[in-house]
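The values are calculated or read from the model by the stated rules, or taken from the named source; none is laboratory data. This is a predicted model, so every value here is computed, not measured. Cβ: placed from backbone, ideal geometry, glycine included. Neighbour counts: every protein chain shown. Each accessible area value is taken on the protein alone, full model and side chains, heavy atoms only, with ligands, DNA and RNA left out. Shrake-Rupley method; radii C 1.70, N 1.55, O 1.52, S 1.80 Å.
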Amino acid sequence: MKKTLITGAAGFLGSHLCDRFIAEGHHVVAMDNLITGDLKNLEHLFHLDRFEFHHHDVTKFVHVPGKVDNILHFASPASPIDYLKIPIQTLKVGALGTHNLLGLAKEKNARFMIASTSEIYGDPLVHPQTEEYYGNVNTIGPRGVYDEAKRFQESITMAYHRFHGLDTRIVRIFNTYGPRMRLNDGRVIPAFMGQALRGEDLTVFGDGSQTRSFCFVEDEIEGIYRLLMSDYTLPMNIGNPHEITIKDFAEEIIKLTGTDQKIIYKPLPKDDPMQRQPDISKAKEILGWEPKVGRAEGMRKTFDYFKTLSREELEKTEHRDFSDRNKK
Ligand code: UDP
């Protein structure tokens, strides 16, 4: 039986990956420090013999007894407001955490995958973004802690690949959404859906002309799985190229949720990318992958999930003041 270590396992993507690897018959070793993850996302797997959870911070030495076939390093805060709240941890998990896990992968001769990101491209000057584009990142801006950690993560992964011959994969993940996103994580989909459910106005940052391209989690996981199983070792974009402005997106959410609230405008956070759309030619050609779930269907499923949350969860205010995103 294959044994797969997944870090960030209690998070949004991590927990969906655990489901996928369990479904593929693997023994899954799930690891998370639970800073932004939530054990609720994994509760349904705890009864399985093939599933184990370790409450561990991967910036500290990581030990897994016995063989390990695959390591997927998905631990990291992933929301811009989290980077502001925990900037040092964000840098450490991308840098020190990756180094520890590469060491483990080398020791175990395991295949190693990192969750890289469209943030590699910063506020992109090339559109749509191909994997060859080097990016436009402000190293010292508020998002720099995430962007540079991820860029370092790619560099050290390629160094282990070239120098030690480690079998590595780099997936560049674009905006992904679906059930198990944290309602209060500040990202645009949970923010808008939470606002609609609480009967608040939808907060569009800037004039809403900035664009994003949203991928439903089922499609994202399929792309990630196929990349891991392939023999492609250079970075690959996995995302949905269907692009929309944030203002049009807010209007879609108003229609979908049936809320009678309106859009209100707040200042655009510093370094918020003006456009983002993946070029997925490589994924299509090499993996035979492209997204299948349209936004209407994916958003409906996501909204159905948020509707199941309790009033108490809905009212958590931790991240509801977004003004701190605008600090220099
Ligand atoms: N955004 C918004 N209102 C919100 C939250 C986010 O208009 O309440 C905007 C944000 O400024 C950005 C886009 O939505 O332009 C996507 O933001 P998110 O934090 O989801 O992810 P990003 O792609 O910026 O990492």
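Worth a mention:
- Entry comment: accessible area of the stretch 76-141 is 42 Å² per residue, from protein heavy atoms only and a probe of 1.4 Å.
- Simple spin-label estimate for HIS47 and ILE264 in nanometres, 7 Å along Cα-Cβ: 4.5
- Rounded to the nearest Hz, the phi-derived 3J(HN,Hα) couplings of the stretch 269-274 under the Karplus curve 6.51 cos²θ - 1.76 cosθ + 1.60 (θ = phi - 60°) are x, 4, 6, 5, x, 7, where x marks glycine and proline.
- Only Lys, Arg, Asp and Glu carry charge here, each on its Cβ (+1 for the first two, -1 for the last two); on that basis the chain has a dipole of about 460 debye about its Cα centre.
- Counting only DSSP beta bridges whose two residues both lie in the chain, roughly 10 percent are antiparallel.
- Dividing the convex hull volume of the alpha carbon atoms of the chain by its residue count gives 123 Å³ per residue.
- Radius of gyration, Dmax [the stretch 201-241; alpha carbons; angstrom]: 15.1, 47
- Cβ-Cβ FRET estimate between LEU234 and GLU312, R0 fixed at 51 Å, reported to 0.05: 0.65
- Straight Cα distances below 19 angstrom link LYS2 to the lysines LYS67, LYS106, LYS108, with same-chain residues fewer than 8 positions distant left out.
- Ligands, DNA and RNA left out, the accessible area of the stretch 98-202 computed with a 1.4 Å probe is 50% carbon and sulfur.
- Legend: calculated FRET efficiency, ASP207 to GLU107, from the Cβ-Cβ distance at R0 = 45 Å, rounded to 0.05, equals 0.30.
- Number of Lys pairs (Cα under 20 Å; 8 or more positions apart or on different chains) in the stretch 202-328: 15
- Computed from point charges on the beta carbon alone (+1 for Lys and Arg, -1 for Asp and Glu), the dipole magnitude for the stretch 213-290 about its Cα centre is near 300 Debye.
- Spin-label pair THR130-MET1: with each label point 7 Å from Cα along the Cα-Cβ axis, the two points sit 4.5 nm from one another.
- Shape box of the stretch 109-150 [Cα atoms, principal axes, largest first, Å]: 38, 24, 11
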